[in-house]
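Engineer: Sharing a structure here in structure tokens format.
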Amino acid sequence: MKDWLKTLKNLVDKKPIVVLQFEEDDWRSLMNSRRGPHEFTIARSHETFDGIKTPTACLVSGQSYDEHVLYFGLIGSSSAVTTLDTRIKVKRCVQVEPFSLSELGELITDKRLNGLFNDRIGSEAECTMLTPKVSVEVITQLAVIDRNRGGMRAVAESLSAPKYYRGPAAMQEDAVHSALSAFGLSDADQAVSVELFEGKETALARVPIMEDSVIEHDARYVPGYDLIQSDVTGRAVFQKREERLEVYTANRCPLENVLGVDLIYVNETRHNIVMLQYKMLNPSGSGAKTDWIYRPDEKLDDEISRMKKFARDSEPGEGEYRLNPDVFYLKFVKRNAALGSGGIILPLEHFELLRDDPASKGPRGGLRVSYKTLDGSYMRGMAFLDLIRSGYIGSHAEITAHLKTLIKEIIDGNRAVIAAIQTPTGEAVPVFDESEFGDPDDKDREDNDEFRRLDS
């Protein structure tokens, strides 16, 4: 059984599915709301939502002009908002098949469970709770339908989002959020499309999604990804006015081994590239809350050596300006700190100065990296992202053109690498060296070019 399916079954066995049925007028109002049925709140009498334990799965049923629709999502919270009313928040809703509760009931072949299901929905109550066994059967039947799997997996994955800096999964979560921020998006902005790969973990499974926007591929066949094969774990596309952001997640790969980085920003609009390596800070053991230590491991010198290999000076192109053309940066985060709590970002050159400064030496070969020791000479996350977005930092266009060809090296391994590619809408993006695709008339070449084209 797939992990995400097991997660959902375990969830509804303990907290049964809640069925929300909307009358036609209310459904139209909901469809015209800001996020429609994908995310909304409703308040009703305490009795209506009595017994709901959050988070739990829900089915949202609506009808407009004789057309039935059915959504699957989560009730994320429930709280009293007045003396008489309780408000619930419904989120992560994705449209599923079949399109109505009655058609869903027809899929339940066990007579007893079928009878229990129809009894619960037959009353047409605004809010109904299924039994645990019926809930598990509903999850089973919905997951049989191919079209439902991507969205259901996204719902399941959202239940286990990392909350603290405690390992690679948390780093990837932060990297995805950083990529969105660099593009001027918030964590609440929805992806136009999300592609997930069977059996592959990715933070992109947890980004907000639009209707019909999640697809799960068989990991043995990844359409359009022949160069990076099945080592990509996810791809999400975001749209903002005239620009488009593509975010990829992948396993540890030669790209990381070549460059020594975890996160890559490619801003096609400004023709700059910035690369980031995450580093974990640990308490010094001195008892001082502000005293945090980075203990360089044996890989550090090798990573820095690889970064320097690609740190090349170049002349700016016509009309091109950078405050700093450095490509490589390090982001220090505190172990066990909450995600989003910030971090310290240093250019590689500054880090090396800090490393050689006797005043920064800590116990047992550690390096003190804190707001106090840096005395204000560092970057916070938002300032760093603003500089990337504006093109004020990162490689000049000439170096960018060379470095972009390395993105194709996303293959194989254990640790996540993110490539965020920001591009103007409607242009073919030369992410890779065109000469590597062989004959222009080759069918595979045509598929790859179409995959990189950003026309809507």
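Engineer: So in the range 1-50, with the set limited to residues that are touching a Pro at 6+ places or on another chain (Cβ under 9 Å) and surrounded by fewer than 16 Cβ atoms within 10 Å (Cβ to Cβ), which one is farthest from Ile75 (Cα to Cα)?
Structural biologist: Met31
Engineer: Go through the range 356-386 residue by residue and tally those that are surrounded by 12 or more Cβ atoms within 10 Å (Cβ to Cβ), over 33 Å from the mean Cα position of the chain (by Cα) and touching a residue at least 40 places away in the same chain (Cβ under 8 Å).
Structural biologist: Matching residues across the range 356-386 total 2.
Engineer: List every residue pair whose Cβ atoms sit under 6 Å apart, with the two residues 6 or more apart in sequence or on different chains, where the first one lies in the range 17-43 and is over 23 Å from Val207 (Cα atoms) and the second, anywhere, is exposed (fewer than 14 other Cβ atoms within 10 Å of the Cβ) and modelled with pLDDT of 95 or more.
Structural biologist: Hits for this filter: Ala43/Val81.
Engineer: Restricting to the range 151-162, name every residue that is touching an Asp or Glu at 6+ places or on another chain (Cβ under 9 Å) and surrounded by fewer than 21 Cβ atoms within 10 Å (Cβ to Cβ).
Structural biologist: If the condition is that a residue be touching an Asp or Glu at 6+ places or on another chain (Cβ under 9 Å) and surrounded by fewer than 21 Cβ atoms within 10 Å (Cβ to Cβ), then Ala161, Pro162 are the ones that fit.
Engineer: So, restricting to strands (runs of 3 or more DSSP E) that lie completely within the range 278-392, which ones have at least 1 residues that are over 22 Å from Val261 (Cβ atoms)?
Structural biologist: Counting at least 1 such residues, we get 292-294.
Engineer: Checking Asn148 against (1) assigned to a loop (DSSP other than H, G, I, E, B); (2) over 13 Å from the mean Cα position of the chain (by Cα), only one condition comes out false. Which one?
Structural biologist: Against the list (1) assigned to a loop (DSSP other than H, G, I, E, B); (2) over 13 Å from the mean Cα position of the chain (by Cα), Asn148 comes up short only on (1).
Engineer: Of all residues in the range 151-188, which are within 22 Å of Ile215 (Cβ to Cβ), more than 11 Å from the chain's Cα centre (by Cα) and among the charged types (D, E, K, R)?
Structural biologist: Arg153 - this is the single residue of the range 151-188 that is within 22 Å of Ile215 (Cβ to Cβ), more than 11 Å from the chain's Cα centre (by Cα) and among the charged types (D, E, K, R).
Engineer: Here is a follow-up. Among the residues of the range 153-162, is there at least one that is assigned to a loop (DSSP other than H, G, I, E, B) and among the small types (Gly, Ala, Ser)?
Structural biologist: Within the range 153-162, one or more residues are assigned to a loop (DSSP other than H, G, I, E, B) and among the small types (Gly, Ala, Ser).
Engineer: Does Ala161 satisfy being modelled with pLDDT of 90 or more and farther than 22 Å from Asp386 by Cβ?
Structural biologist: no
Engineer: Suppose we filter Arg120, Arg87 for residues that are basic (Lys, Arg), assigned to a helix (DSSP H, G or I) and out of contact with any Asp or Glu (no Cβ under 9 Å at 6 or more places or on another chain); which single one remains?
Structural biologist: The match here is Arg120.
Engineer: What number goes with the only condition from (1) surrounded by fewer than 19 Cβ atoms within 10 Å (Cβ to Cβ); (2) touching a Leu at 6+ places or on another chain (Cβ under 9 Å); (3) within 25 Å of Gly76 (Cβ to Cβ) that Leu130 does not pass?
Structural biologist: (1)
Engineer: Pairs, please: C-beta under 6 Å, at least 6 apart or cross-chain, first residue assigned by TED's automatic domain parsing to the domain that holds Thr140 and assigned to a helix (DSSP H, G or I) and in the range 97-115, second acidic (Asp, Glu) and at pLDDT 95 or above?
Structural biologist: Every condition considered, the pairs that remain are Leu113/Glu137.
Engineer: Sticking with this one: Mind listing whichever residues of the range 60-97 are closer than 15 Å to Met129 by Cβ and within 28 Å of the chain's Cα centre (by Cα)?
Structural biologist: Of everything in the range 60-97, those that are closer than 15 Å to Met129 by Cβ and within 28 Å of the chain's Cα centre (by Cα) turn out to be Val60, Ser61, Leu74, Ile75, Ser78, Ile88, Val90.
Engineer: Follow-up question, since we're still on this one. When the range 173-205 is examined, which residues are found to be assigned to a helix (DSSP H, G or I) and not aliphatic (A, V, I, L, M)?
Structural biologist: Scanning the range 173-205 gives Glu173, Asp174, His177, Ser178, Ser181.
Engineer: Scan the range 311-341 for residues that are touching a strand residue (DSSP E or B) at 6+ places or on another chain (Cβ under 8 Å) and either more than 15 Å from Ser377 (Cα to Cα) or not aliphatic (A, V, I, L, M) (or both) and report the count. Even if it seems obvious, please write down each step before you answer.
Structural biologist: At the first step, the residues of the range 311-341 found to be touching a strand residue (DSSP E or B) at 6+ places or on another chain (Cβ under 8 Å) are 311, 322-339, 341.
Retained after the next criterion (residues that are either more than 15 Å from Ser377 (Cα to Cα) or not aliphatic (A, V, I, L, M) (or both)): 311, 322-329, 331-339, 341.
Within the range 311-341, residues that are touching a strand residue (DSSP E or B) at 6+ places or on another chain (Cβ under 8 Å) and either more than 15 Å from Ser377 (Cα to Cα) or not aliphatic (A, V, I, L, M) (or both) number 19.
Engineer: State whether one or more residues within the range 138-148 are touching an Asp or Glu at 6+ places or on another chain (Cβ under 9 Å), more than 14 Å from Val18 (Cβ to Cβ), crowded, with 20+ Cβ neighbours inside 10 Å and not β-branched (Val, Ile, Thr).
Structural biologist: Within the range 138-148 (the criterion being touching an Asp or Glu at 6+ places or on another chain (Cβ under 9 Å), more than 14 Å from Val18 (Cβ to Cβ), crowded, with 20+ Cβ neighbours inside 10 Å and not β-branched (Val, Ile, Thr)), the answer is yes, since at least one residue qualifies.
Engineer: Test Thr41 against the stated conditions and say whether it is over 25 Å from Gln141 (Cα atoms), out of contact with any strand residue (DSSP E or B) (no Cβ under 8 Å at 6 or more places or on another chain) and at pLDDT 95 or above.
Structural biologist: No, not satisfied.
The values are calculated or read from the model by the stated rules, or taken from the named source; none is laboratory data. None of these values were measured; they are calculated from a predicted model. Neighbour counts run over all protein chains shown; Cβ positions are idealised from the backbone, glycine included.
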